[in-house]
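Asker: Please find one structure pasted underneath; my questions will follow.
Just so it is clear, none of the values below were taken in a lab; they were calculated from the coordinates. These figures come from a predicted structure and were not determined experimentally. Positions of Cβ are backbone-derived with ideal geometry, glycine not excepted, and every protein chain shown enters the neighbour counts.
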Amino acid sequence: MVDQDYRASALVLQIDVFSGAGELPGSLSQAQERAKDIQFASKARYNTARIAEIEDLRNALRRVLDKLPPALQSDPDVQKLAGISTRGAVALVHLINRHNTQSSDFKDYEFSRATVMDLWDFGQSDVRYSIAHPEWQSAMEVAPGIHIYDLPL
């Protein structure tokens, strides 16, 4: 999303099928399951942090280009950099599944019809709850024009 058409505005839905939050494991199987939860949740957080990093660099580039004298503004290299120094608005909506699908430590590849239907049902109720929650109206601005909505569940 960040590497694509950066001039377009976008609504990005980031859905974590596994939650990084959870109880302390009581068995080896539960520890393996928690390790997978944390691994996948950490990847989502990394992606969000990376978006903020890239947008911070994009904004720094724009500020530097704005400081150049008018004589350099028409330089082809400056024009090329100017084209990537701005972007459209981005709203990233972060949803996290916090329901136990009873898939144990094989949850990262167990996508039977029953499990997928459970995930859909949980997800639909979570989205309805989140949209109705007053925190939906607030967002964290990670860079100018880039807002993250971490929805409460």
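Asker: With θ set to phi - 60°, apply the Karplus curve 6.51 cos²θ - 1.76 cosθ + 1.60 along region 75-83 and write out the HN-Hα couplings as whole Hz, x wherever there is a Gly or Pro.
Answerer: Result, ordered by residue: 4, x, 5, 5, 4, 5, 5, 4, x Hz.
Asker: Run the numbers for E135 and V78: contour at 0.36 nm per residue of separation, minus the present Cα-Cα distance, in nm.
Answerer: Here the answer is 16.4 nm.
Asker: Right, next: At 7 Å along Cα-to-Cβ for each site, give me the label-to-label distance between Q32 and K67 in nm.
Answerer: About 5.5 nm separates the two model spin labels.
Asker: Something else about it: Compute from the Cα atoms of region 10-150 the Rg and the Dmax, the latter being the longest Cα-Cα distance, and quote both in angstrom.
Answerer: Values for region 10-150 (Cα only, Rg and Dmax): 20.6, 68 Å.
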